[in-house]
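Trainee: Mind having a look at this structure? Questions to follow.
What follows is calculated from the coordinates using simple rules that are stated; it is not laboratory data. As the structure is a prediction and not an experimental result, all values here were calculated from the model. Methodologically, a virtual Cβ is constructed for each residue, glycine included, from the backbone with ideal geometry; neighbour enumeration extends over all protein chains shown.
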Amino acid sequence: MERKIPWDNTARNTLSECNRKYYFSQLIASKSRTKQLPRKVHELKKMQNISMWQGSVVDRFMETEIIPRISEKKPMDFTALAEQAVELAKKQFEYSRLAIYTDPVDGKLETAPEFCILDIHELGKPFEEREVVEAYDNIRAAILGLPEIRMPDGQTLLGFLQQCNRLTPNVYTWMVEIERAVVKPQIDLLALHDWKPVIIDWKLSRSHTANYARQLTICGIVVYLKRLATPDKKPYRHEDIRLFEVNLFKGVVKSHPFTAERANEMIDEIHLTSEDIALLLGENEEPDIRDFEGTDNDGSCKICNFRSICAFLYLNDVYDEKAFTEFVQANQFA
Ligand code: SF4
C-alpha cells in the first residue's frame, strides 16, 4: 500500500529550508518519554522565544476565555480579562523556568494552560527582565484592544463574532487526504456566520510583510473537502468560505479570498510536495538522520530550534541526555 504522507504548511516550509530540520521536526519528535532523543527533540520543537510566546499566550487566551464568553453571551470586562491574560503568562513563565515539562508526572499534560517552554530557560539564553515586562504589556494591550478591532466592512470584530451561529476555537482534528498527502491543519477559530464557514487565524506579529494567506487557504481546502465528503449536506461553494487573518497586536483584520483557482493551485502544490517528501523518505519506515542533509544557510541555522541537538549529533553518534545537557551549557546556542 502506498505510504501516506502527513502534510502541513510548516512541514512543507521546513523541508524547503533544511532536510535535517525536517527530520527533527516531522519525523522523530515525539511526546512520548520512552526514548530520550525523540522526547528532547519534541521539547525543542515546542520551545519559543519571548516574541513568539506572547502571541501564543494571547492565542490560548482567545481559545479558552474570550471565545467561550462570546459563545455563551457573557458580559466581558476587558480590563479584568487583560489582567487574567497576564496572569496566565506569568504562570507559563514559571512553568518554563522550573522546567516542569521535564517532569514525567507534573509535566505530563501538555494541554494544561500553563504548559510552556522558553528558550531563555531551555538553552539558558541571556535575557533582560525588561523583555518579559514588555511581553506582559503587549499581552495586556492585545486584550484591551479587542473591542476596537474592526472587520473589513467596518463592523467590530466582537460584533461580528456575536452574530455567528457557532464558534469553535482550536480545531485540530479535521483531516482530509489529497492523493497520498494527509492534510490536518490547526484552525484557530472556525465560525459559522449565516451558516457559512468563516476561518480566523489570530496573529500577534509586528511584521508588515508576513503573509498568512497560504495557511488560511489550506484551512479553507480542508473545510471545503470535508463538506464535499458529507453526502447529506449541500456542498459549499468556494466563495462561501471566508478567510480572515486578525492581527491582535496591530488591531487589523485582513481578508484573504478563497476561490476555486487558489484552492486548486494549493491542491497541486500539496500533491507535488508530498511526492517530494515521499521520495526523500523512501520505503524506509525508520528514517536515518544520515539521509537528511543540513543546510549551508547560516541564517536558517541561527534561528533553528534544533541547532543544539543538530550540532550535538554531528559530533556524537549516540544521544546521551547528560552529555547533551553539558554540551548545551558549554556552548552558546541562543
Ligand atoms: S541547525 Fe541548521 S542544519 Fe541543523 S537542522 Fe537546523 S537548519 Fe538544519
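Trainee: With r as the distance between the Cβ atoms of Ala213 and Glu114 and R0 = 41 Å, compute the FRET efficiency 1/(1 + (r/R0)^6) and round to 0.05. Walk me through the numbers before you get to the answer.
Mentor: On the way: r = 33 Å, r/R0 = 0.80.
FRET efficiency, Glu114 to Ala213: 0.80.
Trainee: For the chain, what is the charge dipole size about the Cα centre, in debye to the nearest 20, if Lys and Arg each add +1 at the Cβ and Asp and Glu each add -1 at the Cβ?
Mentor: On the way: 44 positive and 52 negative charges, 169 e Å.
Using Cβ point charges on Lys, Arg, Asp and Glu, the chain gives about 820 debye.
Trainee: Please name which of Met47, Ile67, Leu37 has its Cα lying farthest along the dipole of segment 8-80 towards the positive end, using unit charges on Cβ (Lys, Arg +1; Asp, Glu -1) and the Cα centre as origin.
Mentor: Result: Leu37.
Trainee: Here is a follow-up. Choose one of Phe292, Thr111, Thr14: the residue whose Cα lies farthest towards the positive end of the charge dipole of the chain (beta-carbon charges +1 Lys, Arg; -1 Asp, Glu; about the Cα centre).
Mentor: Of the listed residues, the answer is Thr111.
Trainee: Among Phe249, Tyr212, Ala181, whose Cα sits farthest toward the positive end of the charge dipole of segment 157-281 (+1 at Cβ of Lys/Arg, -1 at Cβ of Asp/Glu, about the Cα centre)?
Mentor: Phe249
Trainee: Looking at segment 47-148, how many pairs of lysines come closer than 21 Å at the Cα, when each pair is eight or more places apart or spans two chains?
Mentor: 4
Trainee: Rounded to the nearest 0.05, what FRET efficiency is calculated for Gln162 and Asp106 with R0 set to 41 Å and r the Cβ-Cβ distance?
Mentor: Working: r = 38 Å, r/R0 = 0.93.
Efficiency, rounded to the nearest 0.05: 0.60.
Trainee: A follow-up question, please. What full-extension length gain, to one decimal in nm, is calculated for Glu63 and Thr325 as 0.36 nm per residue of separation minus the Cα-Cα distance?
Mentor: Once the chain is fully extended between Glu63 and Thr325, it gains 90.9 nm.
Trainee: So, one more: Hey, any idea what the orientation-averaged projected area of the convex hull of the chain's Cα atoms comes to, in nm²?
Mentor: Numbers: hull surface 75.0 nm².
Its Cα hull, projected and averaged over all orientations, spans 18.7 nm².
Trainee: How many angstrom lie between the C-alpha centres of segment 189-248 and segment 116-136?
Mentor: 33 Å
Trainee: Relative contact order (percent) for the chain, with alpha-carbon contacts under 8 angstrom and 6 or more residues of separation? Don't skip to the answer; put the middle values down first.
Mentor: Working: 468 pairs, mean separation 71.9, N = 334.
It rounds to 22 percent for the chain.
Trainee: Under a GNM of the chain (C-alpha, springs under 10 Å), which listed residue has the highest mean-square fluctuation: Tyr23, Tyr314, Tyr136?
Mentor: It is Tyr314.
Trainee: Quick one: compute the contact order of segment 157-281, relative version, from alpha carbon pairs under 8 angstrom and 6+ residues apart, as a percent.
Mentor: Details: 197 pairs, mean separation 28.6, N = 125.
Result for segment 157-281 is 23 percent.
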